[in-house]
There are 2 protein chains.
Amino acid sequence: MDSTAQQPKPSPAALKAARQSALMANAVRALAMDAVQQANSGHPGAPMGMAEIAVALWGRHLKHNPANPQWADRDRFVLSNGHGSMLIYALLHLSGYALPMSELRNFRQLHSKTPGHPEVGITPGVETTTGPLGQGITNAVGMALAEKLLAQEFNRPGHTVVDHRTWAFLGDGCLMEGISHEACALAGAWKLNKLVALYDDNGISIDGQVKPWFVDDVAARFRAYQWHVVGPVDGHDVEAVDAAISQAKASGDKPTLVICKTNIGQGSPNRAGTAKAHGEALGADEIALTRAAIGWPHEPFVIPEAAYAAWDAKRIGDAAEARWVKTFAKYKAKHPALAAELARRMSGDLPAGFAQAAVDAAVAAHTAAQTVASRKASQIALEAFTAALPELLGGSADLTGSNLTNTSHTPNLRFDEAGHGNGGRHINYGVREFGMAAIMNGVALHGGFIPYGGTFLTFSDYSRNAIRMAALMKTRVIHVFTHDSIGLGEDGPTHQSVEHAASLRLIPGLDVWRPADTAETSVAWACAIQSRSRPSALLLSRQNLPYAPKAGLDDIAKGAYVLAEPSEVGLKKAAQAVIIATGSEVQLALHAQAALAKLKIAVRVVSMPSTNVFDRQSTAYKTSVLPAKLPRVAIEAGVTDGWWKYGCAAVLGIDTYGESAPAPVLFKHFGLTAEALADTVRAVLGK
Amino acid sequence: MDSTAQQPKPSPAALKAARQSALMANAVRALAMDAVQQANSGHPGAPMGMAEIAVALWGRHLKHNPANPQWADRDRFVLSNGHGSMLIYALLHLSGYALPMSELRNFRQLHSKTPGHPEVGITPGVETTTGPLGQGITNAVGMALAEKLLAQEFNRPGHTVVDHRTWAFLGDGCLMEGISHEACALAGAWKLNKLVALYDDNGISIDGQVKPWFVDDVAARFRAYQWHVVGPVDGHDVEAVDAAISQAKASGDKPTLVICKTNIGQGSPNRAGTAKAHGEALGADEIALTRAAIGWPHEPFVIPEAAYAAWDAKRIGDAAEARWVKTFAKYKAKHPALAAELARRMSGDLPAGFAQAAVDAAVAAHTAAQTVASRKASQIALEAFTAALPELLGGSADLTGSNLTNTSHTPNLRFDEAGHGNGGRHINYGVREFGMAAIMNGVALHGGFIPYGGTFLTFSDYSRNAIRMAALMKTRVIHVFTHDSIGLGEDGPTHQSVEHAASLRLIPGLDVWRPADTAETSVAWACAIQSRSRPSALLLSRQNLPYAPKAGLDDIAKGAYVLAEPSEVGLKKAAQAVIIATGSEVQLALHAQAALAKLKIAVRVVSMPSTNVFDRQSTAYKTSVLPAKLPRVAIEAGVTDGWWKYGCAAVLGIDTYGESAPAPVLFKHFGLTAEALADTVRAVLGK
């Protein structure tokens, strides 16, 4: 692995560079091992093994400005092997970000800026939250896609205002995960030539030497995805990695994988090259041995000035951003509207007119009062919103015609042989639900777009952890989950959601909507688009749903509202009970209300398109919708567990798997009928 | 694609074979298009496109006996592209399985044996439930692994009683899914040479021609996994596919992918080769045109005798099984104990002594009353159970030392260069959670093993749909999910389960256990092992848990039991309230009970390791544990939603994400303390 063997004697300049590289790498190494030791928890192996790779990238290529981690045209860096968090914390600290040594000393402690895995929003310079393996590289694919699309949309001849790269570090674990297949195959298909992944090929995972369970020829695999592959190079040779990165940057039409052979825990005499280096502190004795071995005489958390000077990226970064600011000023002078639009898009602000467009769409739906599937209602809403919002970037995991995620404003995105896009705004993700979800997270994190994507609700299972990550990261991502219940019909139990609505509602920070008709769907879309710090999931029916007449539209956005008082069905008395329903079961609630009215039983129907949103309302509002003294009966074509928190006296649902049959047959088979609901209310009331 | 071009004039025998092949293929084609038309729902494209591939495999190679779909040494066939269900239904019907034409006419109707996607247990000859893409091929990997391990364990020189192949049909969708990467990489690592996948390379998925989003060089990708790749061959040339299959069968140390170039919907003049052939009925007009084009004059659901005769596999299958029965009889004569053990293992019965071993293990745990993490308690239980049960086949998704899934009886499984196993019983699955789960499903479906596998609870998200599929299929698979809450500590919110216990409990047919101590863990393991038709998930702590003293062990298996009455803490009055707790929070409940006792407040503590199991108990038992008149307070370090169904007056939990910090700091930070619990009980009681 020693690439300098057989070479002529190095020049004094080369020797000086090598000394500087070693100093820089060892500063990372020391901070990583000392912080993990201090916390007595963490992963020293990856930072110590990737230190020279980091020197090559962060020291020589990465375009960033520590003083402004939000600079729009910075390179994006993703540590996909997020357990190596001390690597990025060390790099951020050393290169000049607002991450003082006190934070590194506080590694993995409550409310520090140095949590166990990197978290976006906590630490300046961290672009995405990583740890769940495979998702970081997938976020990076999304970031690189966003950059490419923005560049093609906004750059003009002589005015290159979007021009940055996306870099990802990843390890064996990321490459074993299935999502790496989905993401990297798409990166190849999309010709994301400004994406560079640096693979920490150390041959070790937690269970030991990976050979018995990881025999992939990784280079061949990535070439099969139409990637450019460089290496293997010696990952401890900064010059070799530097040269590989330069090769990667020259790639005109393909993403690049740089394979770096490394030694996990490099520098530790007894732990390096073993799984023991991966995820536990080295211990005081081994740290002392390591200090001696790498020639690092400094106390823990003491970095010599020379190392700081070598790592300092503030001056270069500031100059780089200043150049870009000038470039942008010229662009703004020449293309003021484009410049304003790019600034708006990157800020995440919606156009001034959007709030009115949202109201108009809901009112239009209310006026038309169409009977359509809510997936179709979604497409109708999207038709208006994709016209109003060029930042809406749609897609589907190979179910476009079923999810109805496309509109007349969203041609399918295509790239020509040279990698140029066609300006399309609807992505055929292929059958890659998890990849789609984590790519959307990356797109949202990059900025400039509001990504949405569709699949069947049941397959939210495949993408579940990426949905969770979106919620944890507070990103604006919108999931369109159609075919939301046994209403899917003949495809049967493998495709019929039963537990999915309830289980998505459990993900903290996710807003789940299951609208009942066109107006609710339109409002749900508007709320999702306006929800800057929460992802949303829209659960939509395959089958047609009649419009549910309503007095007004304002309260839909509160997650639940009184849809029909007894007076709506001709009863002049106060409600004796409340029926809570969502989505396709709202019509059953209205029918049951009417049937009960004939028996002089007065019932209020509450439509609750979003339990999550309703739960955030004021107690006063909640009580106005669900008065304390009225018994409640809930109905939803799914598992019943989640409804008891509303103090229901009874819940109608399905606590088993579905069946393969036409939808109307199934609703009857599972007892989800207006008659059964009316009977349940009567039983609750003892009438 | 016409492999006969440029070839000499075919012989009369070849012509006859070609006519017979065409007859056989068109019988499949006709049944597929007619059944889909009758249901007005379904997927004709794949069956019509794969008809000749099916002729080659089912007509010439597949070892099976239609009269006995349970024959232990049959080949396993998996339709990974499960939407093409009419293909397997047609094949089962034509080859002689107990699947009469009336069932085919009833395609996709309630309670038919021909549901929309193939379902194991519903249709004789269907080996696994498929539809969620990528999982079928992964199940097949599990089946092939089971065969290989059983063969190496039970075959003896001159006595080859386990000797069958696993075949999978798959399409572009399966190959795009990430799980195909995980599964096929493992198949290569494990050298599963008796696994053959036939790839329906038709270049079409639901969104159209796949080229823009699926550019993988599939052959190169699979060679990178160390597979043998044959083709591409003309998938409509039965002889070419036949020859490719023969090549595949000759592979001594690698699984084989046969790439078959096909035309989706082959035979349909206007739909073939288009996405429109994929998932909807052809329509009466196009069906008439197709009949004319393929020369099929017969009415729908009428198959000529010659076609039945050509497809009939009953005689050959019966003879094959008869030969095996003789082979097995000789084996039994020579190796009676082995034969009895193999028969037992394949039957799924536990050894006679297991029930006692289970009791002994629980009693031993109770007697030792150790303070250990429940993941360690799990390893202690496994130490006993892996000794008692050679069928326990463990593993971990690269977290063996954390999940503690290994024991002294389960050496790591390894294969030598020639593909011979070392008799190991613990599988290093690598970082492949979803693949592990679906492989375990395949292992369980094959029979002969009870698979279990570990990862962190949070990463149950990755494998969620395979867990669901296990429950839908009623397979005995055991998931070991450790690090089950904020108790995981410093790794932070990406790794801390919050919603996972609650959300797993929502999966119908899955038994979720969250035991509080060594005895509960031991009983949970015993229940999981004895649960023949339900998968189980064991949720285990990273951190130490004190033993919870208890009067007896019998009721643990009921899912919840009275752990401590007020008398246990010296109060001589009846309980005024019930605290329900699970897992690591049971100790908090006991401390709160003691603290409340000092205030003369009498509380009963109920430990509820499995809500799912408890919910199945008699009303009498449930009421004995949770008396109707006593207010209830639940505590669990997770989202609260699921607990309201027990009529709780208050629930202590965590409805946000966790944080990165040491576990004790976090429990305090999130208010999960005995003090807070005692205060809550007092508030509920107004004392």
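Here, each number is a calculation from the coordinates, and none is a lab measurement. Owing to the predicted nature of the structure, the values given are computational and were not obtained by experimental measurement. A quick note on method: Cβ atoms are made from the backbone with ideal geometry, for glycine too, and the neighbour counts reach across all protein chains shown.
Placing a pseudo-label 7 Å from each Cα along the Cα-to-Cβ vector at A:VAL302 and A:ARG616 gives an inter-label distance of 5.0 nm.
Taking the empirical scaling 2.2 N^0.38 Å for compact globular proteins as reference, chain B has a Cα radius of gyration ratio of 1.07. Once both axes come from the Cα atoms, what is the angle between helix A:238-249 and the longest principal axis of chain A, in degrees from 0 to 90, rounded to 10? Value to nearest ten degrees: 50.
Once the Kirkwood radius over Cα pairs is known for segment B:637-678, the Stokes-Einstein relation at 10 °C and 1.306 mPa s delivers a diffusion coefficient of 141 µm²/s.
Working from Cα positions, state the angle (0 to 90°, nearest 10) between the long axis of helix A:314-334 and the longest principal axis of chain A. Taking the Cα atoms of chain A, the angle to A:314-334 is about 50 degrees.
The 3J(HN,Hα) values that the Karplus relation (6.51, -1.76, 1.60; θ = phi - 60°) gives for segment A:377-388 are, in residue order, 4, 4, 5, 5, 4, 5, 4, 6, 6, 5, 6, 6 Hz. Gly and Pro appear as x. Each other residue within a Cβ distance under 12 Å of A:THR405 adds +1 if Lys or Arg and -1 if Asp or Glu, for a net charge of 0. Take the convex hull of the alpha carbons in segment A:233-350; its mean projected area over all directions comes to 12.5 nm². Segment B:296-342 and segment A:89-149 have Cα centres separated by 60 Å.
Put in line by how crowded their Cβ is, counting other Cβ atoms within 10 Å and starting with the fewest, A:ARG682, A:ARG315 read A:ARG315, A:ARG682. Taking chain B as the reference, fit the longest principal axis to its C-alpha atoms, fit the long axis of helix B:518-530 to the helix C-alpha atoms, and give the angle between the two in degrees, 0 to 90, nearest 10. Its long axis makes an angle of about 30 degrees.
Taking only the Cα atoms of segment A:354-545, the ratio Rg/Rh comes out at 0.94, with Rh defined as the Kirkwood radius.
Quarter the surface of the alpha carbon convex hull of the protein assembly as shown and you get the mean projected area, 53.6 square nanometres.
Annotation for B:SER246, label-to-label distances across the other copies: 5.6 nm (shortest first, one decimal, point 7 Å from Cα along Cα→Cβ). Taking the Cα atoms of segment B:554-685, the ratio Rg/Rh between the radius of gyration and the Kirkwood radius comes to 0.96. Centroid-to-centroid, using Cα positions, segment B:10-39 and segment A:369-416 are 41 Å apart.
With bins 10 Å wide beginning at 0, the percent of Cα pairs of segment A:289-430 falling in each bin runs 9, 22, 22, 16, 13, 12, 5, 1. In segment A:18-317, the inverse of the mean reciprocal separation of distinct Cα atoms equals 19.0 Å; this is its Kirkwood hydrodynamic radius.
Restricting the trypsin sites (Lys or Arg not before Pro) of segment A:454-561 to loop positions (DSSP other than H, G, I, E, B) with no more than 15 neighbouring Cβ atoms within 10 Å leaves A:ARG532. With label points defined 7 Å past Cα in the direction of Cβ, position B:ASP285 shows copy-to-copy spacings of 8.5 nm, given to one decimal and shortest first.
Other residues whose C-beta falls under 13 angstrom from the C-beta of B:ILE303 contribute a net charge of -2, scoring Lys and Arg +1 and Asp and Glu -1. Return the whole-Å distance between the Cα centroid of segment B:645-687 and the Cα centroid of segment A:552-584. Each part reduced to its Cα centre gives a spacing of 34 Å.
Using Cβ point charges alone (K and R +1, D and E -1), the dipole size of chain B about the Cα centre works out to roughly 1540 debye. Placing a label point 7 Å from the Cα of B:ASN40 along the Cα-to-Cβ direction, the distances to the matching points in the other copies come to 7.0 nm, shortest first.
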